Amino acid sequence: MNFASTALLALAMSTDAFAAAVGKGTALQKPKWSEALRTGAIFGVIEAITPLIGWGLGLAAADYVKTFDHWIAFVLLLVLGGRMVWAAAQKPDEAEAAKPSRHGFWLLAVTGFATSIDAMAVGVGLAFLNVSIVPVAAAIGLATFVMVTLGVMVGRLLGNVVGRWAEGIGGLLLIGIGSFILYEHLTALA
């Protein structure tokens, strides 16, 4: 793969993580750059690892991974998005008082994994193309780190403007992304 195709692939793989990060930023009480960088690092590392896993699985058993990856992504994003929508539906005082200043590691890791399932599938495909996976995975991780860090800070701005509704919209975006992944895979199988 050349530089331009690697950069475009990395950007495409980071867009759903950006949408999730905006939702994460709105769910926090005025996140600081340190929290945005931490969130970006968690998402970026996970997003860099999943194509490597996919590549390895692609070498071993591509058909097995392709049969259920979309269901994993759909369920994880549905649950996380539903949780965000539920939190947004709480009374304003309850929601604002319940806003943490920082997300827990495991919540971020699960969200990062859910948004990186497509990168795992890309890794599977790249295994068949005999592509050097390490530079591609590094580019995907770096792009995700930047996009998620910026997404959390955009979420902070949105949170100040539209409050808890932005978290609900972020949750709906996650549900939409999961539904689109599922739809895309199911219609490709038909």
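The values are calculated or read from the model by the stated rules, or taken from the named source; none is laboratory data. Just so you know, these numbers come straight off a predicted model, no measurement behind them. In this analysis, Cβ positions are derived from the backbone assuming ideal geometry, glycine residues included, and neighbour counts consider all displayed protein chains.
Numbers for the structure displayed
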quantity: Qualifying residue in segment 25-43 (condition: assigned to a helix (DSSP H, G or I), modelled with pLDDT under 80 and not aromatic (Phe, Trp, Tyr)); calculated: yes
quantity: Residue ID - surrounded by the most Cβ atoms within 10 Å (Cβ to Cβ), chosen from residues in segment 117-139 that are outside any helix (DSSP H, G or I) and not small (Gly, Ala, Ser); calculated: Val131
quantity: Every pair of residues 6+ apart whose Cβ atoms lie under 6 Å, when the first sits in segment 145-157 and is in contact (Cβ under 8 Å) with a residue 40 or more places away in the chain while the second is among the polar types (S, T, N, Q); calculated: Met147/Ser14; Val148/Thr39; Val152/Thr39; Gly155/Thr26
quantity: Selection within segment 4-17 - surrounded by fewer than 23 Cβ atoms within 10 Å (Cβ to Cβ) and touching a residue at least 60 places away in the same chain (Cβ under 8 Å); calculated: Thr6, Ala7, Leu9, Leu11, Thr15
quantity: Residues that are crowded, with 18+ Cβ neighbours inside 10 Å and at pLDDT 70 or above, drawn from segment 173-190; calculated: Leu173, Ile175, Ile177, Gly178, Ile181, His185
